[in-house]
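Only one structure is covered here, and it is reproduced in the block below.
The values are calculated or read from the model by the stated rules, or taken from the named source; none is laboratory data. All values derive from a computational prediction rather than experimental measurement. Here the Cβ is made from the backbone with ideal geometry for all residues, glycine too, and neighbour counts use every protein chain on show. Side chains are part of the model used for accessible areas, which takes the heavy atoms of the whole protein and leaves out ligands, DNA and RNA. Shrake-Rupley method; radii C 1.70, N 1.55, O 1.52, S 1.80 Å.
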Amino acid sequence: MSHAVPLTFSQGFLIGGSFAANQVEGACREGGRGLSVWDCFRLNNRGQGGDAFTLPYRDVLAAAADKNDADYPKRCGIDFYHRWREDIGLFAQMGFCALRLSISWSRIFPHGDDAEPNAEGLAFYRSIFECLRENGIEPVVTISHFDLPLHLALEYGGWANRDLVRLFEYYARTILDAYHDVVKTWITFNEIDATLHIPFVGAGIIPDQVANVKAASWQALHHQFVAAARVIRYAHMTYPDLRLGCMATKNLKYPKTCKPEDCLKFLRETEEDAAVTDVQVFGRYPHVVTWEWQHEGTAPVMEPGDLDDIAAGTVDFVSFSYYASLVVSAQKDPAEMASANLLVGQKNPYLDQTPWGWQIDPVGLRYSLNEMYARYNLPLFVAENGLGTLDEFDGHTVEDDYRIDYVRSHLRQVLLAIHEDGIPVMGYTHWGCIDCVAGSTSQMKKRYGFIYVDQDDEGRGTLDRFPKKSFYWYRDVIASRGAIL
Ligand code: BG6
């Protein structure tokens with residue numbers, strides 16, 4: 001970057017880190033917590049009959065009854081439940097302005113449908129939020145990050161059941177009422193598009209228990225849109241100083257060639273991917289969705305007033321995760337496939353990829369910010385970005401120059417989007433700022449953190465924390481407000 005004066009982030013820019021309750025907390029049976037759907041996955045989903053994100057009903061039942069928590073990495077996390085003061089201290093040393101974290105629904109309502117909230121769970125998060133504020137760190141809270149109380153999946157069929165709208169509203173109002181004084185920035189659902197791609201994780205739908213998975217997923221997603229909109233409306237009316245946003249996976253795609261067939265497929269997929277955010281920003285379903293319902297017979301059942309609720313509860317900002325981009329071609333070439341978070345697509349010969357096959361595309365982040373601002377005209381928040389890779393720990397630290405390169409190249413593009421393109425970016429919270437259990441595979445060896453956690457895939461280790469080289473580098477980035485980038 002050759003600018004006479006270095007580009008910087010503004011004072012209010014929310015730079016920091018990000019993680020989710022189920023990937024860090026552990027203590028799955030302490031403090032009154034109930035199990036969640038994510039607690040059913042073993043390492044790599046090993047020994048069970050599904051893919052990384054899906055379990056057959058018999059395996060969900062078996063997991064629900066299994067008390068060997070050590071076999072389920074997300075039940076153990078990285079013990080943030082007991083070490084949160086130390087971890088927040090480390091984030092403060094890096095100078096974090098923000099920490100995006102989620103509340104575990106089953107810590108507040110262990111079964112999801114309990115009459116009263118669990119006081120111990122409420123007290124736990126209050127201590128964390130207060131500690132963050134004492135350290136000058138703004139909490140950005142996700143209400144639901146893939147950890148639906150397991151009871152709601154088993155007894156209600158997950159979000160395909162209308163009752164979930166009411167139960168979620170009760171849960172969300174409870175935490176808004178409890179924390180509105182200390183948490184000003186909220187995100188309703190993490191990667192809400194997951195309901196369509198990985199319905200068990202996104203919505204608690206057990207695929208072999210429903211006649212038509214696509215129809216059940218749309219039904220669930222409709223319920224989530226209604227519930228999110230009602231919660232946003234409630235918050236806007238009750239606590240006008242709060243800002244609430246949606247969150248989706250940014251599946252950036254490029255057409256493989258300028259062949260019209262490739263471009264048409266690219267256009268279709270881009271519109272389909274944008275649809276979940278369109279609904280929450282514009283307050284209505286776009287054509288691409290209603291056409292799909294008509295065409296495939298998957299239209300959800302709606303109650304009178306649902307569409308009005310969706311229209312009345314639109315978001316204040318748009319947040320998203322950005323890890324990779326993909327290429328779209330009318331002709332599939334299985335030899336050329338690459339993955340990007342929840343999706344697969346084709347390889348891009350101009351990009352490198354991580355050991356997990358996610359294509360690294362910093363310029364794509366600037367592209368995404370431009371594209372989304374043109375479409376939504378709302379402040380944008382990069383809620384997740386980071387490099388999941390193998391680290392070599394030498395007993396003291398990790399020399400992770402590759403992580404520094406990754407984050408530097410992405411943050412430079414954020415600065416360019418802000419200063420050269422005029423895009424209002426609210427913040428950037430680096431995913432897995434401390435090593436945590438991987439969402440997709442439940443591995444520990446897929447590490448994102450600036451802080452190394454001494455724990456392996458099998459759960460062995462001291463759980464001690466060690467700053468990596470990137471820890472000091474990120475600290476300096478924040479201290480200079482990006483000037484050293
Ligand atoms: C996002 C999720 O999809 O990607 C996180 O919101 C997840 O929960 C992150 O951890 C990275 O994915 P993974 O599988 O590498 O942990």
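The table that follows gives values for the structure above.
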| read-out | value |
| --- | --- |
| Breaking point among (1) of a type in the set (Val, Ile, Thr); (2) closer than 30 Å to residue 130 by Cβ; (3) outside any loop (DSSP other than H, G, I, E, B); (4) in contact with a helix residue (DSSP H, G or I) (Cβ under 8 Å, 6 or more places away or on another chain), for residue 195 | (2) |
| Options 208, 241: the member that is open to solvent by 20 Å² or more (accessible area, probe 1.4 Å) and in a loop (DSSP other than H, G, I, E, B) | 241 |
| Leading residue by the ranking (nearest to the ligand (Cβ to nearest atom)) among those in the stretch 344-362 that are assigned to a strand (DSSP E or B) and not small (Gly, Ala, Ser) | 358 |
| Neighbours by Cβ (under 9 Å, 6+ apart or cross-chain): first from the stretch 339-350, within 14 Å of residue 194 (Cα to Cα); second among the β-branched types (Val, Ile, Thr) and open to solvent by less than 20 Å² (accessible area, probe 1.4 Å) | 340/249; 341/249; 342/198; 342/249; 343/249 |
| Tally of residues being within 16 Å of the ligand (Cβ to nearest atom) and open to solvent by 100 Å² or more (accessible area, probe 1.4 Å) across the stretch 329-343 | 0 |
| Filtered residue count, the stretch 385-436, keeping only those that are open to solvent by less than 30 Å² (accessible area, probe 1.4 Å), part of a loop (DSSP other than H, G, I, E, B) and under 30 Å from residue 186 (Cβ atoms) | 9 |
| Matching residues in the stretch 179-197 - criterion: being more than 16 Å from the ligand (Cβ to nearest atom) and surrounded by fewer than 19 Cβ atoms within 10 Å (Cβ to Cβ) | 180, 181, 182, 184 |
| Checklist (1) of a type in the set (Gly, Ala, Ser); (2) touching an Asp or Glu at 6+ places or on another chain (Cβ under 6 Å); (3) open to solvent by 70 Å² or more (accessible area, probe 1.4 Å) applied to residue 248, failing item | (3) |
| Entirely in the stretch 91-190, the strands (runs of 3 or more DSSP E) that have 2 or more residues that are over 23 Å from residue 306 (Cβ atoms) | 98-102, 138-144 |
| Single residue of 263, 258 found to be without any contact (Cβ under 8 Å) to a residue 24 or more places away in the chain, in contact with a Pro (Cβ under 7 Å, 6 or more places away or on another chain) and not in a strand (DSSP E or B) | 263 |
| Residue that is farthest from the ligand (Cβ to nearest atom) [pool: residues in the stretch 437-476 that are under 21 Å from residue 53 (Cβ atoms) and open to solvent by less than 10 Å² (accessible area, probe 1.4 Å)] | 444 |
| Residues satisfying the stated conditions in the stretch 291-333, i.e. touching a strand residue (DSSP E or B) at 6+ places or on another chain (Cβ under 8 Å) and assigned to a loop (DSSP other than H, G, I, E, B) | 315, 316, 322, 323, 324, 329, 332, 333 |
| Pick from the stretch 241-286, criterion in contact with a strand residue (DSSP E or B) (Cβ under 8 Å, 6 or more places away or on another chain), over 26 Å from residue 172 (Cβ atoms) and among the hydroxyl-bearing types (Ser, Thr, Tyr), ranking: farthest from the ligand (Cβ to nearest atom) | 254 |
| Residues (assigned to a helix (DSSP H, G or I) and among the aromatic types (Phe, Trp, Tyr)) located in the stretch 458-485 | 471, 472, 473, 474 |
| Unmet requirement for residue 371, which otherwise passes all of (1) closer than 30 Å to residue 469 by Cα; (2) not in a strand (DSSP E or B) | (1) |
| Selection count where residues are aliphatic (A, V, I, L, M), more than 15 Å from residue 157 (Cα to Cα) and at pLDDT 95 or above, scope the stretch 24-61 | 3 |
| Those residues of the stretch 38-86 which are among the basic types (Lys, Arg), assigned to a helix (DSSP H, G or I) and free of Cβ contacts under 8 Å to residues at least 60 places away in the same chain, in sequence order | 58, 75, 85 |
